[in-house]
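*Asks:* After the structure tokens below, expect a handful of questions from me.
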Amino acid sequence: MISEPDSAAPLSFDDDTPIIQEMEEAAPEQALPTPPLPLPPVRTRSFWRDMLDTVIMVVAIYTLVNLVAPRYIVEGASMQPNFHTGEWIIVNRLPYLVSQPQRGDVVILDFEDPQEDLIKRVIGLPGETVEIHGGLVYIDGVPLNEPYIKAAPNYTKEAITLGPDEYYVLGDNRNNSRDSHAFGPVTRDHIIGRAWLIYWPPPNWGAVPAQGYSEPAPTPTPTATPLPTPTYAPPAP
């Protein structure tokens, strides 16, 4: 009987045969330094290119400022004692983009025929009835209290009811002003904006104040003119 050799039999080695195997650990590779990123190329701008950009920016800002807040010079005495000839004012267009003119606003009017700009004060609003007599302006029968005018108007205007897009404007110098008492009401499209600031001459610097009308003006008390005392002359003999 043939038997297979025992595969589990231990192997024998000579005494002088080394049986220890040395394992060398691989040394970690040293990281190489990362090269610096290249700087982006820089192009120097020429002096004339910078000058052109500056001029374009200044023109754009100037145009925007004049569209939103144009400037005007007062000429004439129609708005005394509050505005005088030679004063430079800034007009604000923005308020009337979101709201309508209010009583007491000082506004700039633009007329095409003849071509002129006027500065006046808004007195009557759309739908109101305006009349002037006895030195007072009446709105819907109620007299306005106007301490800012130079003198009481010495003229009379019959009652007029304003349309849905009409405003009644007057100068503060009532007796020396060409305004609605002369040419009638103005429509909304003629109102450019509201006078906002006086910036020249320097002594007159300041914001244009708003006017309130909380209390009606006192009605003038009529005064009686005394009659002449009759004299008696005896008949001639």
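The values are calculated or read from the model by the stated rules, or taken from the named source; none is laboratory data. Keep in mind that what you see is a predicted model, and the values were worked out from it rather than measured. Reconstructed Cβ throughout: ideal geometry from the backbone, glycine too, with neighbour counts over all protein chains shown.
*Asks:* Does Leu136 count as hydrophobic (A, V, I, L, M, F, W, C), touching a strand residue (DSSP E or B) at 6+ places or on another chain (Cβ under 9 Å) and crowded, with 18+ Cβ neighbours inside 10 Å?
*Replies:* Considered against the rule, which asks whether it is hydrophobic (A, V, I, L, M, F, W, C), touching a strand residue (DSSP E or B) at 6+ places or on another chain (Cβ under 9 Å) and crowded, with 18+ Cβ neighbours inside 10 Å, Leu136 comes out as yes.
*Asks:* Looking at segment 94-113, which of the residues that are free of Cβ contacts under 8 Å to residues at least 40 places away in the same chain and part of a helix (DSSP H, G or I) is surrounded by the fewest Cβ atoms within 10 Å (Cβ to Cβ)?
*Replies:* Among those residues, the one meeting the criterion is Val98.
*Asks:* Taking segment 114-129 as the region of interest, how many residues are part of a loop (DSSP other than H, G, I, E, B) and among the small types (Gly, Ala, Ser)?
*Replies:* The number of residues fulfilling the criteria is 1.
*Asks:* Let me ask something else about it. Please go through (1) surrounded by 18 or more Cβ atoms within 10 Å (Cβ to Cβ); (2) more than 21 Å from Gly206 (Cβ to Cβ) for Leu125 and return the number of the only condition it doesn't satisfy.
*Replies:* (1)
*Asks:* Taking the residues in segment 195-215 that are farther than 20 Å from Leu118 by Cβ and at pLDDT below 85 as candidates, determine which candidate is surrounded by the most Cβ atoms within 10 Å (Cβ to Cβ).
*Replies:* If we take residues in segment 195-215 being farther than 20 Å from Leu118 by Cβ and at pLDDT below 85, then Tyr213 is surrounded by the most Cβ atoms within 10 Å (Cβ to Cβ).
*Asks:* Of the residues Ile139, Ile149, Ile89, only one is in contact with a Leu (Cβ under 7 Å, 6 or more places away or on another chain) and modelled with pLDDT of 95 or more; which?
*Replies:* Only one candidate passes the filter, namely Ile89.
*Asks:* Something else now. Take the residues of segment 38-67 that are in a loop (DSSP other than H, G, I, E, B) and modelled with pLDDT under 75: which is farthest from Gly193 (Cα to Cα)?
*Replies:* Leu39
*Asks:* Output the qualifying pairs, or none if there are none: Cβ atoms under 7 angstrom, residues six or more apart or on different chains, first residue in segment 187-214 and of a type in the set (Val, Ile, Thr), second residue in a loop (DSSP other than H, G, I, E, B) and surrounded by 14 or more Cβ atoms within 10 Å (Cβ to Cβ).
*Replies:* Listed pairs, sorted by first residue: Ile191/Pro101; Ile192/Arg93; Ile198/Glu87; Ile198/Val208.
*Asks:* All but one of (1) assigned to a strand (DSSP E or B); (2) over 26 Å from Asn175 (Cβ atoms) hold for Val91, so report the exception by its number.
*Replies:* The failed condition is (2).
*Asks:* Could you tell me how many of the residues in segment 151-191 are more than 25 Å from the chain's Cα centre (by Cα) and not in a loop (DSSP other than H, G, I, E, B)?
*Replies:* Number of matching residues: 12.
*Asks:* Taking segment 161-191 on its own, how many of its residues are closer than 13 Å to Arg121 by Cα and either buried (at least 17 other Cβ atoms within 10 Å of the Cβ) or acidic (Asp, Glu) (or both)?
*Replies:* Residues that pass the stated criteria total 15.
*Asks:* Do we have Glu116 as surrounded by fewer than 18 Cβ atoms within 10 Å (Cβ to Cβ), modelled with pLDDT under 95 and more than 23 Å from Ala207 (Cα to Cα) here?
*Replies:* yes
*Asks:* Condition test on Tyr148, is it under 30 Å from the mean Cα position of the chain (by Cα), under 21 Å from Glu112 (Cβ atoms) and not hydrophobic (A, V, I, L, M, F, W, C)?
*Replies:* No; evaluated as a whole, the condition is false for this residue.
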